[in-house]
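Peer 1: First, the structure itself, so that you have it in front of you.
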Amino acid sequence: MLLPMLLLVPMLLVMVIISKSTSSNSPRKNEDEKNVPNAASPSLGFESFRDFFTTLNHPDSPQILLNKARQMKSSPVLSVPLPFGNQKFFLINEYNAARKVLEDPKSAKFVETMKFFIDTTGGENIITANGHRWKHVRKSTMAAFSTQNVKIMTESIDVILDRWVRETLEPAVSSGKGIDILEEMTRVTAYVIAEVAFDYKLTEEERIAFLNNLRISWNEFAVNSTNSFMRTVPYLRWLCPGMFQAKRSSKGLYQQCETMLNSYRSKVAKNPSLRQPHKLIDMMMNDSEYENEIERVRDMIAYVIAGFDTTANTLSFALFELGRHPEEQRKLRSALQKFETEEEAKACPELKHVIREILRLRPAISLGSVKLLGNDIKIGVKGDDEKNKTQNIILPKGSGAITCFFTIQRDAKVFEDPDAFIPSRWDDPSDDMNKSVLTFSLGKRNCQGQALAYAEITEILLKLCRDYEINIVDEGKATNAVLYRPVGTILSFTKA
């Protein structure tokens with residue numbers, strides 16, 4: 001699920017080369033397509049590429065792009081100004097167009113936009129790689145997040161959550177103190193992914209070290225990547241202040257995951273009965289198609305990051321929105337308290353609607369996915385007059401496309417009052433509404449761990465919203481820095 005919009009300069013240079021080599025191979029249009037007039041995609045509204053590039057690295061970038069898209073409301077596709085050549089780059093802000101891009105079998109991850117994540121793990125990993133390097137891992141670990149295995153995982157989630165409630169939440173309730181909800185949800189989800197996926201009980205010291213190393217890596221490799229020209233140039237970038245610290249932090253992430261792998265391998269070697277074949281780490285350890293141990297550990301880093309950070313952000317936003325909307329909170333609590341068992345409560349419609357709404361409104365990967373198009377993709381749009389009822393926008397093979405989830409999921413043509421938190425809109429959703437929520441992406445590169453994420457969000461929201469009243473002490477600020485998260489949000493809890 002980690003596809004930020006950074007380091008576009010080297011990416012765009014690659015795009016020009018790809019475009020020149022593939023444009024002559026684009027398939028010819030059939031007769032029906034020839035009869036449909038083509039339309040040019042409107043510009044996104046930035047005066048220059050530099051303006052666009054700066055916006056992508058702004059903490060308010062999701063909202064800025066949404067505002068720009070709404071100014072050009074007539075088109076589902078907007079073009080981005082580039083500083084050279086005839087190469088195309090597009091922002092997708094409508095679900096039908098996004099689905100075509102995401103589900104195109106020949107389109108691939110745009111590796112150059114993931115350079116920061118490659119640096120973080122010390123090399124290519126399952127999230128950034130294309131081809132066999134990605135496929136064999138996805139195949140060997142497919143069963144890790146099956147329905148049966150996720151049910152087993154929920155037992156560990158319950159134990160970890162109960163411990164957090166006992167050791168952290170209840171003392172805060174007793175003292176009347178607020179808690180930094182993102183910090184606390186990150187604590188819970190980090191413990192969960194370490195235990196349910198890697199059979200490892202993370203210590204608090206290890207958790208803090210991992211999180212610090214991750215933040216340093218992302219700040220230097222991603223957020224600060226455009227502070228100077230030197231940071232965009234291979235070799236020269238290592239002369240910039242902070243880059244050596246980021247390199248050390250990346251090494252720290254590697255060492256932690258290597259420790260987790262060695263711990264499991266040693267435990268099983270000493271006592272084979274302790275083997276956990278249903279867990280991700282066992283599947284990875286027994287994947288013989290890894291070229292070496294380094295690749296395996298790099299993938300572990302990627303899975304750990306993807307397994308806790310996005311889920312923590314989503315949970316934090318959900319609790320924040322419920323704190324901001326006491327009527328919605330009371331409605332959910334009343335519904336949950338009517339069920340006799342927790343298992344029954346998991347099917348509560350009001351709970352499902354709250355989760356669906358927060359996934360729509362506050363997608364953790366707000367800027368979505370970046371794809372290198374492997375085919376010409378035709379996007380149908382309504383014409384401006386009766387004579388031209390339908391027009392096509394052609395996204396050429398070799399172009400880049402950003403499927404911006406934040407913009408797509410706040411489309412006013414699909415959602416009434418799209419910027420508002422209204423869980424009841426999911427009581428009777430339209431087909432357009434259902435198809436517009438793309439938070440876990442689509443196609444062959446969709447979120448592998450979405451079943452675990454959904455189960456974790458369900459378990460935690462169920463218990464906290466049923467048993468406690470949530471109030472806002474400090475709203476903090478929604479900030480996009482690689483991921484979309486509520487920074488500085490302080491909530492207080494009282495017994496319901």
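The values are calculated or read from the model by the stated rules, or taken from the named source; none is laboratory data. All values reported here derive from a predicted model rather than from experimental measurement. Cβ coordinates were reconstructed from backbone atoms using ideal geometry, including for glycine residues, and neighbour counts include every protein chain displayed. SASA here: full protein model, heavy atoms, side chains in, ligands and nucleic acids out. Shrake-Rupley method; radii C 1.70, N 1.55, O 1.52, S 1.80 Å.
Conditions tested, residue by residue: (1) more than 20 Å from Ser48 (Cβ to Cβ); (2) modelled with pLDDT under 95; (3) in contact with a Cys (Cβ under 8 Å, 6 or more places away or on another chain).
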| residue | (1), (2), (3) |
| --- | --- |
| Leu65 | no, yes, yes |
| Lys73 | yes, yes, no |
| Gly85 | no, yes, no |
| Ile92 | yes, yes, yes |
| Pro105 | yes, yes, no |
| Ala108 | yes, yes, no |
| Thr113 | no, yes, no |
| Phe117 | yes, yes, no |
| Thr128 | yes, yes, no |
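Peer 1: So for segment 466-484 (the condition being touching a residue at least 40 places away in the same chain (Cβ under 8 Å), closer than 27 Å to Val196 by Cα and crowded, with 22+ Cβ neighbours inside 10 Å), does at least one residue qualify?
Peer 2: Yes.
Peer 1: Any residue in segment 85-103 that's of a type in the set (S, T, N, Q): show its pairings with residues that are modelled with pLDDT under 90 and part of a helix (DSSP H, G or I) at Cβ separation under 7 Å, as long as the two are six or more apart or on different chains.
Peer 2: Taking only residues 6 or more apart or on different chains, the pairs are Gln87/Leu12; Gln87/Met15; Gln87/Val16; Gln87/Ser19; Asn93/Ala69.
Peer 1: Could you figure out which of (1) touching a residue at least 12 places away in the same chain (Cβ under 8 Å); (2) within 16 Å of Glu459 (Cβ to Cβ) isn't true of Leu202?
Peer 2: Single failed check for Leu202: (2).
Peer 1: Follow-up. If you check Ala335 against the conditions, is it under 15 Å from Tyr468 (Cα atoms), modelled with pLDDT of 95 or more and part of a helix (DSSP H, G or I)? So that I can check it myself, show each step before the final result.
Peer 2: Working: under 15 Å from Tyr468 (Cα atoms): yes; modelled with pLDDT of 95 or more: yes; part of a helix (DSSP H, G or I): yes.
Criteria met by Ala335.
Peer 1: State yes or no: is Asn375 touching a residue at least 12 places away in the same chain (Cβ under 8 Å), over 17 Å from Arg425 (Cβ atoms) and under 16 Å from the mean Cα position of the chain (by Cα)?
Peer 2: no
Peer 1: Further, regarding this structure: Show the residue pairs that are 6+ apart or on different chains and have beta-carbon atoms under 7 Å apart, the first residue being within segment 56-79 and assigned to a helix (DSSP H, G or I), the second being open to solvent by 30 Å² or more (accessible area, probe 1.4 Å).
Peer 2: Ile64/His58; Lys68/Gly45; Gln71/Gly45
Peer 1: Turning to a different aspect of this structure: Among the residues of segment 229-266, which ones are more than 26 Å from Phe116 (Cα to Cα), open to solvent by less than 60 Å² (accessible area, probe 1.4 Å) and free of Cβ contacts under 8 Å to residues at least 40 places away in the same chain? Talk me through it step by step, then tell me what you get.
Peer 2: Start the filter on segment 229-266 by keeping residues that are more than 26 Å from Phe116 (Cα to Cα), which leaves 262-266.
Going one step further and asking which of them are open to solvent by less than 60 Å² (accessible area, probe 1.4 Å), we end up with 263-264, 266.
Listed by number, the list holds a single entry, Ser266.
Peer 1: Within segment 278-332, how many residues are open to solvent by 10 Å² or more (accessible area, probe 1.4 Å), in contact (Cβ under 8 Å) with a residue 60 or more places away in the chain and of a type in the set (Gly, Ala, Ser)?
Peer 2: The total comes to 3.
Peer 1: For segment 395-423, which positions are more than 17 Å from the chain's Cα centre (by Cα) and under 15 Å from Ser107 (Cα atoms)?
Peer 2: Leu395, Pro396, Lys397, Gly398, Ser399, Gly400
Peer 1: Of the residues Leu361, Leu351, which single one is more than 20 Å from the chain's Cα centre (by Cα) and either open to solvent by less than 10 Å² (accessible area, probe 1.4 Å) or closer than 22 Å to Cys447 by Cα (or both)?
Peer 2: Working: Leu361 fails: more than 20 Å from the chain's Cα centre (by Cα).
Only one candidate passes the filter, namely Leu351.
Peer 1: Taking the condition at pLDDT 95 or above, open to solvent by 50 Å² or more (accessible area, probe 1.4 Å) and under 22 Å from Met433 (Cα atoms), does Arg356 pass? Walk me through it before giving the result.
Peer 2: Numbers: at pLDDT 95 or above: yes; open to solvent by 50 Å² or more (accessible area, probe 1.4 Å): yes; under 22 Å from Met433 (Cα atoms): yes.
So Arg356 fits the description; yes.
Peer 1: List pairs: first in segment 158-175 and closer than 14 Å to Ile490 by Cβ, second open to solvent by less than 60 Å² (accessible area, probe 1.4 Å) and among the β-branched types (Val, Ile, Thr), Cβ under 6 Å, 6+ apart or cross-chain?
Peer 2: Ala172/Ile179
Peer 1: Can you name the condition, by its number, that Ile294 falls short on among (1) within 17 Å of Arg362 (Cα to Cα); (2) among the hydrophobic types (A, V, I, L, M, F, W, C); (3) modelled with pLDDT of 95 or more?
Peer 2: Only one criterion in (1) within 17 Å of Arg362 (Cα to Cα); (2) among the hydrophobic types (A, V, I, L, M, F, W, C); (3) modelled with pLDDT of 95 or more is unmet by Ile294, namely (1).
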